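The values are calculated or read from the model by the stated rules, or taken from the named source; none is laboratory data. For clarity, every value in this text was computed on a predicted model and none was experimentally measured. Note that we place each Cβ from the backbone using ideal geometry, even for glycine, and neighbour counts take in every protein chain shown.
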Amino acid sequence: MQVTGTVLTTRRVDAYHALTVVAPGIAERFRPGHFVGVAVGGARTSMLTRRAFFVHDVKPDYGGTVEFVFSVRGPGTAWLAERRARDTLDLVGPLGRPFPLPRDPVTCVLVGAEHGSATLFTVADALQGRGCRVDFVLGGVSADRVFGALRARRMGETTTLTTEDGSLGMRGRVTDVLPGVIADVRADAVYACGPMPMLRGVTAVAVEFDIPVQVAVEEGMACGIGVCMTCVLPVIGDDGVTRMVRSCVEGPVFRGERVRFDDVGTIPFDALGAPGGGTRNAG
Amino acid sequence: MQVTGTVLTTRRVDAYHALTVVAPGIAERFRPGHFVGVAVGGARTSMLTRRAFFVHDVKPDYGGTVEFVFSVRGPGTAWLAERRARDTLDLVGPLGRPFPLPRDPVTCVLVGAEHGSATLFTVADALQGRGCRVDFVLGGVSADRVFGALRARRMGETTTLTTEDGSLGMRGRVTDVLPGVIADVRADAVYACGPMPMLRGVTAVAVEFDIPVQVAVEEGMACGIGVCMTCVLPVIGDDGVTRMVRSCVEGPVFRGERVRFDDVGTIPFDALGAPGGGTRNAG
Amino acid sequence: MPVDMRTYLGHVELVNPVTTAAGCAASGSELAQFFDLARIGALTTRSITMAPRAGRPTPRMAETPSGMLNAVGLQGPGVDAFLERELPWLAQRGVRTVVSIGGGTVAEYTALARRLTDAPGVTAVEVNLSCPNIEDRGRVFARDGAASAEVIASVRSVMRYDVPVVAKLSPDVVDIVSVARACVDGGADALSMINNPLGMSIDTEAMRPALAAVTGGLSGPAIRPLAVRCVWQVHAALPSVPIIGMGGVLTGRDAFELILAGACVVAVGTALFHDPYACLRILRELEELLAARGFHRLADAVGLAHRPPGASSRHRIDLEESSL
Amino acid sequence: MPVDMRTYLGHVELVNPVTTAAGCAASGSELAQFFDLARIGALTTRSITMAPRAGRPTPRMAETPSGMLNAVGLQGPGVDAFLERELPWLAQRGVRTVVSIGGGTVAEYTALARRLTDAPGVTAVEVNLSCPNIEDRGRVFARDGAASAEVIASVRSVMRYDVPVVAKLSPDVVDIVSVARACVDGGADALSMINNPLGMSIDTEAMRPALAAVTGGLSGPAIRPLAVRCVWQVHAALPSVPIIGMGGVLTGRDAFELILAGACVVAVGTALFHDPYACLRILRELEELLAARGFHRLADAVGLAHRPPGASSRHRIDLEESSL
Ligand SMILES: Cc1cc2nc3c(=O)[nH]c(=O)nc-3n(C[C@H](O)[C@H](O)[C@H](O)COP(=O)(O)OP(=O)(O)OC[C@H]3O[C@@H](n4cnc5c(N)ncnc54)[C@H](O)[C@@H]3O)c2cc1C
Ligand SMILES: Cc1cc2nc3c(=O)[nH]c(=O)nc-3n(C[C@H](O)[C@H](O)[C@H](O)COP(=O)(O)OP(=O)(O)OC[C@H]3O[C@@H](n4cnc5c(N)ncnc54)[C@H](O)[C@@H]3O)c2cc1C
Ligand SMILES: Cc1cc2nc3c(=O)[nH]c(=O)nc-3n(C[C@H](O)[C@H](O)[C@H](O)COP(=O)(O)O)c2cc1C
Ligand SMILES: Cc1cc2nc3c(=O)[nH]c(=O)nc-3n(C[C@H](O)[C@H](O)[C@H](O)COP(=O)(O)O)c2cc1C
Ligand code: FES
Ligand code: FES
């Protein structure tokens, strides 16, 4: 649904900005892993496409609020960073397929990098609601880019932090420490959100341990609702056939081992409808 | 010059909005009849062209402020109407050729319609500074669109108001009452600002009385600095030749009788460089 | 008083003039979550191809000032899956469906048309001529009047007589009127314009083309002045041919602009990416605009901006029964 | 370290790659009130015609999303007045001047070139081919490779050998590369693109065309994707021909985009209407961008986005002496 909501609060969290927006309908329908499409630039802007942000949190205040966390990257996020309380914001959501949750009270490692970490706390909440044990592995380039360390320490059984410059936690990347954490906590499943190379690394580790891994991906999106076909990536279906699937409606959450990370940005020759053989073979 | 100024105050005056902007360099160079080009829409806007506004007032506060008065007409003025104190505004100015002032302490009738009236008060000031007598004739469609009646009453020897619906002053247009005023006050000169048909009418009256008339015109403008050639109108030069002259740099103030009001929006056949004969005849 | 919003594509009546643009509404079901598709004049499908197509690699999209570039490459399920799943789904829901088709040869277009001719639920066929002609070194059909006309004539010859064939034109030509005329001479019942002009953008950080496909189609309000100009020129030359106008329509005002230029149907593309409800909003805004200007019927506004400078609009509304 | 911003149009060296676009800087003196014109690579004049021209009626301008339409109609003083007043004024101030010329016949272009050939202070001649050819039913020269080449060959034959002749191309063609090639074969020393594509806008209140001339030229950021694509295609096909790129350049980033696509000079048009200082600002921003990316010379960035996907940019900078 589309909502013109009022900005309730804005805050800075290290390198990130967080906006809380009153959007009852979206908050009500929200499940962990959902994202919102945010119109940027105001009336008569030259920026036509909505920007996608994972929902970091929902609260029941004022009928329902959504919070999202972002860093300034280009003109759209720069505009968002200038929003103030009482401004209005045009959101479409909740969008996407949320994280599937296990039936049983298993042990889950939640891995986040950069703003991707913000996506994990509602997942943790839901998992803990089902009696799951939750452990966090959060990383970033530097201390100010590791989002939610404090909250993770409060919620998680254990929390392992990494920074590439060593300014917080272990020096390195989340994938460097993940095998140790999985082994230590005897994890049953992994949930991950972050840049594509990180998701690929996390998936490789989970496959190594032979445990399921759910990843939430980010691909360039023009619509977020499944109509523009710009956000595709190669994913292997239940039938073993690779298809170029839309990350906005068929994702953003995928089983990690189904995503052909090495082929992102290409049309694999064996994908359904690939130029040359693929088309007819797989059709 | 180009100035990024801070909005000092915003106010509503009946149907109009007035913005006062800190712009020292512009205020300092200002002469009555100058206008400013205002960038609208903010960063990444789709609105590319500056909007032109006559300067209503300049004050020495904060090193120099400029005030302009406008009504909401389209998206650019709608955006301006939403500006608040402390916002910044990007102005270019002062632009245009100002009103020429008489050497001698003569009697001048200042005629304004709609927002055009706002242009006249700095003219009145300058005229009175030279010992001139000033009388006002101000009009509008309805009472709320007659700008500056109070101030005119304070400044002018006499003030005559007209509205088309009769809600203030005489029912009718400024041109209906102008002959009477000119006769009554024995005017030596007329200054006018307002829509093109009104300027044409005022000029006709002044010509009738055989007194000089200075008009400030508004033509669609893309640049305001003389480079785009979009703001032209046919004006008769000292040599008797009609040229398509730019109202932004050769105007906006013209001697009324020199403007070929009936031919605005056309290229008169006898204009310099007109298609067919004109070109070679006059060249 | 409500405005009579009905309009005609050839002999087919549409309840109102708003449709989705080809390739901008996927299979239809995605938008159906937001509103009832039967409420718009028609839904135009993505361009259906013979075989399934995986499309182009990503990045497929780049934002540009007041527009965007896309290089999707006609990703789609192929005509079999379309006829088996997508078209029946739309037909069941009473959605008037304009089926867009894309091919690499005249034979392929013709084969597609043949497959559609007995399919229930085809309101019209729109021939996407902006496809590379495999038999002419990949030269786009739409850029050549003769090639376009050949495709149209062949499609027309196999399509059911009561299904209008619409030729979709590209602005990347020297003279759109001559291509339009060739298509009409070839048998097109209506014309649709504009498809995306070819554009490109470079990522100045990576110092590489922003799209994997290097070039892509430009859409959105940036191209509306091109669309208005094309519709205007074609309507002036061929006033009796129905035109589906598109290109950068975001609001009812924009739709009205194309209608005044000569379009009797208006398609909404890129706007859907921003606002899933765009079609219904635009329809409502358009109706309000027409009502506010005293129109009783949409048809009276079609091409109205062509009236000679002296004429008043009232006049024309009174005089003419229909401008179609 | 400062970046070497010098660039070449044929054999003529320009101190930097920023110039004004034809018709967007009037006689030059207007902008001189804002900055010293000798600081930019060159000033391009409006298109000079034989006789004085009053141009088109007003309204001549309409704003469109991220762009504007203009229909000025080459208003100007004619070549006599230009040579008598405007050119000497520029020459006195040391302004490198690219003189744009416009005509209705090959003979008129040629006569204009002949008038310029002995005039001091002509850095280059830019032939505005987007003029209607009176001898071909008003068909615009630029839309036809052969007609364009004929004009260029004739102008080249009468111009002084050391004054480069630049052919200015329109995007309103089927294949800009073939027109570019024809012009180069005809003798063009450099190419300039893009002139305004033809657009139109309708005033939905008046229900009439917004411009008195009905159609007009579209400019501004809206058309930048078309400009980048044209420069890219032509540079790919004719890598050794210098290109003056233009179309919607508002910032140093935008100029850099055209340079990466293959332009060695960048012209600023519509941006001047918004920001009289645009040329100098863009030059500064461009230099900063180049420096931040480690370029020592502008020339190393020209066409860089064409390097094959594997290659790094550093590599190319080290390997090549000049990309011109
Ligand atoms: C499902 C999803 C969830 C996301 N969640 C978050 C989040 O919670 N926090 C956060 O900081 N960022 C998130 N992103 C990335 C965020 O959308 C981009 O940072 C943002 O769109 C950049 O906009 P811009 O105008 O600042 O930058 P620009 O780079 O100028 O954007 C230009 C265009 O590219 C698109 N684009 C740019 N980067 C991305 C990207 N990484 N993914 C998709 N589109 C992109 C924009 O939508 C826009 O159309 C998410 C992306 C996706 C797809
Ligand atoms: C020298 C001059 C002085 C002016 N002074 C004032 C003033 O003091 N107060 C005031 O309210 N208005 C004034 N105007 C008119 C004012 O510029 C327009 O009302 C304003 O540009 C409308 O912008 P918009 O986006 O709201 O409307 P739109 O109609 O959407 O504007 C679209 C485009 O048309 C141009 N435009 C529209 N109307 C006019 C017009 N009348 N004159 C010139 N360009 C126009 C705009 O600049 C813009 O490029 C003046 C105009 C000129 C030329
Ligand atoms: C993502 C995308 C995909 C498109 N796919 C098709 C297509 O399959 N067939 C077609 O004829 N046009 C296609 N188009 C062109 C649109 O139908 C339309 O002609 C064009 O985008 C202009 O309208 P707009 O500005 O409203 O988007 C596509 C456009 C976009 C943006
Ligand atoms: C008002 C205006 C007048 C122009 N006049 C000319 C001209 O006389 N000759 C010419 O070759 N191009 C002319 N052009 C085209 C520009 O030189 C340039 O090619 C085009 O506007 C694209 O650049 P821009 O987007 O930076 O304006 C004109 C453009 C504008 C906006
Ligand atoms: S973003 Fe449009 S289909 Fe996914
Ligand atoms: S507004 Fe550009 S020349 Fe006057």
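The residues in the range D:13-26 that are at the interface with another protein chain (Cβ under 9 Å from one of its Cβ atoms) and touching a residue at least 40 places away in the same chain (Cβ under 8 Å) can be counted, and the count is 4. For the range C:84-121, the tally of residues that are under 19 Å from C:Leu9 (Cα atoms), small (Gly, Ala, Ser) and out of contact with any helix residue (DSSP H, G or I) (no Cβ under 8 Å at 6 or more places or on another chain) stands at 2. Screening the candidates C:Leu324, C:Leu289, C:Leu298 for the property of being more than 10 Å from chain D (Cβ to nearest Cβ) and either modelled with pLDDT of 95 or more or out of contact with any strand residue (DSSP E or B) (no Cβ under 7 Å at 6 or more places or on another chain) (or both) yields one hit, C:Leu298. Being within 15 Å of ligand 1 (Cβ to nearest atom), surrounded by fewer than 16 Cβ atoms within 10 Å (Cβ to Cβ), over 27 Å from A:Glu157 (Cβ atoms) and not aromatic (Phe, Trp, Tyr) is a condition met by at least one residue of the range A:1-16. Return yes when A:Arg84 is within 14 Å of chain B (Cβ to nearest Cβ) and either buried (at least 23 other Cβ atoms within 10 Å of the Cβ) or assigned to a loop (DSSP other than H, G, I, E, B) (or both) and no when it is not. It is true that A:Arg84 is within 14 Å of chain B (Cβ to nearest Cβ) and either buried (at least 23 other Cβ atoms within 10 Å of the Cβ) or assigned to a loop (DSSP other than H, G, I, E, B) (or both).
Listed here are the residues, each with its yes/no results for (1) in contact with a Ser or Thr (Cβ under 9 Å, 6 or more places away or on another chain); (2) not in a strand (DSSP E or B).
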site: B:Cys108; (1), (2): no, no
site: B:Thr119; (1), (2): no, yes
site: B:Asp125; (1), (2): no, yes
site: B:Asp135; (1), (2): yes, no
site: B:Gly139; (1), (2): yes, no
site: B:Leu168; (1), (2): yes, yes
site: B:Asp176; (1), (2): yes, yes
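When B:Gly220 is tested against (1) within 14 Å of chain D (Cβ to nearest Cβ); (2) in contact with a Gly (Cβ under 9 Å, 6 or more places away or on another chain); (3) under 24 Å from B:Val36 (Cβ atoms), just one condition goes unmet, and that condition is (2). If only residues of the range D:179-189 that are among the aliphatic types (A, V, I, L, M) and surrounded by fewer than 24 Cβ atoms within 10 Å (Cβ to Cβ) are counted, the one that is farthest from the other protein chains (Cβ to nearest Cβ) is D:Val184. Considering only the range D:163-178, I want to know if a residue exists there that is surrounded by fewer than 20 Cβ atoms within 10 Å (Cβ to Cβ) and in contact with a strand residue (DSSP E or B) (Cβ under 8 Å, 6 or more places away or on another chain). Among the residues of the range D:163-178, not one is surrounded by fewer than 20 Cβ atoms within 10 Å (Cβ to Cβ) and in contact with a strand residue (DSSP E or B) (Cβ under 8 Å, 6 or more places away or on another chain), which makes the answer no. Residues that are within 11 Å of ligand 1 (Cβ to nearest atom) and either modelled with pLDDT under 95 or of a type in the set (Asp, Glu) (or both) within the range A:223-257 comprise just one, A:Gly251. Of all the residues in the range C:233-247, those that are surrounded by fewer than 21 Cβ atoms within 10 Å (Cβ to Cβ) and assigned to a loop (DSSP other than H, G, I, E, B) number 3. Hey, does the range B:201-209 have a residue that's away from ligand 1 (no atom under 16 Å from the Cβ) and within 14 Å of another protein chain (Cβ to nearest Cβ)? No; the residues of the range B:201-209 include none that is away from ligand 1 (no atom under 16 Å from the Cβ) and within 14 Å of another protein chain (Cβ to nearest Cβ). When we screen C:Ala113, C:Ala91 for residues that are among the hydrophobic types (A, V, I, L, M, F, W, C) and surrounded by fewer than 22 Cβ atoms within 10 Å (Cβ to Cβ), the only hit is C:Ala91. For the range D:123-153, a tally of residues being surrounded by fewer than 22 Cβ atoms within 10 Å (Cβ to Cβ), in contact with a helix residue (DSSP H, G or I) (Cβ under 6 Å, 6 or more places away or on another chain) and over 21 Å from D:Pro197 (Cβ atoms) returns 1.
Kindly indicate whether any position in the range A:88-101 is among the hydroxyl-bearing types (Ser, Thr, Tyr), touching a residue at least 24 places away in the same chain (Cβ under 8 Å) and under 26 Å from A:Gly37 (Cα atoms). Yes, the conditions are met somewhere in the range A:88-101.
Filter the range C:67-105 for residues that are near ligand 3 (Cβ under 10 Å from one of its atoms) and at the interface with another protein chain (Cβ under 7 Å from one of its Cβ atoms) and give the result. Walk me through how you get there before you give the answer.
First, pick out the residues of the range C:67-105 that are near ligand 3 (Cβ under 10 Å from one of its atoms): C:67-76, C:100-102.
Once the filter is applied, which keeps residues that are near ligand 3 (Cβ under 10 Å from one of its atoms) and at the interface with another protein chain (Cβ under 7 Å from one of its Cβ atoms), the range C:67-105 yields C:Gly67, C:Met68, C:Leu69, C:Asn70, C:Val72, C:Gln75.
Answer yes or no: is there a residue in the range B:221-229 that is under 16 Å from D:Thr58 (Cα atoms) and part of a strand (DSSP E or B). Checked the range B:221-229: no residue is under 16 Å from D:Thr58 (Cα atoms) and part of a strand (DSSP E or B).
Out of the residues in the range B:234-251 that are within 16 Å of ligand 4 (Cβ to nearest atom) and in a loop (DSSP other than H, G, I, E, B), state the one that is nearest to the other protein chains (Cβ to nearest Cβ). Residue satisfying both the conditions and the ranking: B:Val249. Selection of first residues in the range A:194-206 that are in contact (Cβ under 8 Å) with a residue 24 or more places away in the chain and of second residues that are among the small types (Gly, Ala, Ser) and in a helix (DSSP H, G or I), restricted to Cβ pairs under 7 Å at least 6 apart or on distinct chains, gives the following pairs, ordered by first then second residue: A:Gly194/A:Gly116; A:Leu199/A:Gly256; A:Val202/A:Gly256; A:Thr203/A:Gly256; A:Ala206/A:Gly256.
State yes or no: is A:Gly93 crowded, with 21+ Cβ neighbours inside 10 Å and in a strand (DSSP E or B)? So A:Gly93 fits the description; yes. Could you look through the range A:208-227, keep only residues that are away from ligand 3 (no atom under 16 Å from the Cβ) and without any contact (Cβ under 8 Å) to a residue 40 or more places away in the chain, and pick out the one that is nearest to the chain's Cα centre (by Cα)? Ranking the qualifying residues of the range A:208-227, first place goes to A:Ile211. The lone criterion from (1) crowded, with 24+ Cβ neighbours inside 10 Å; (2) of a type outside the set (Val, Ile, Thr); (3) within 12 Å of another protein chain (Cβ to nearest Cβ); (4) without any contact (Cβ under 8 Å) to a residue 60 or more places away in the chain left unmet by A:Gly37 is number (4).
Checked against (1) more than 13 Å from chain C (Cβ to nearest Cβ); (2) over 19 Å from the mean Cα position of the chain (by Cα), D:Lys168 passes all but a single condition, namely (2).
The set of residues in the range B:233-260 being closer than 16 Å to D:Gly73 by Cα and touching a Pro at 6+ places or on another chain (Cβ under 9 Å) consists of B:Pro234, B:Arg243, B:Met244, B:Val245. Scanning the range B:149-166 for residues that are surrounded by fewer than 20 Cβ atoms within 10 Å (Cβ to Cβ) and assigned to a loop (DSSP other than H, G, I, E, B) yields B:Glu157, B:Thr158, B:Glu164, B:Asp165, B:Gly166. Just so you know, in the range D:248-277 the residues that are free of Cβ contacts under 8 Å to residues at least 60 places away in the same chain and surrounded by fewer than 24 Cβ atoms within 10 Å (Cβ to Cβ) include one that is farthest from D:Pro17 (Cα to Cα), and it is D:His274. Within the range C:138-146, does at least one residue satisfy the condition of being within 14 Å of chain D (Cβ to nearest Cβ) and farther than 24 Å from D:Arg229 by Cα? Scanning the range C:138-146 turns up at least one residue that is within 14 Å of chain D (Cβ to nearest Cβ) and farther than 24 Å from D:Arg229 by Cα.
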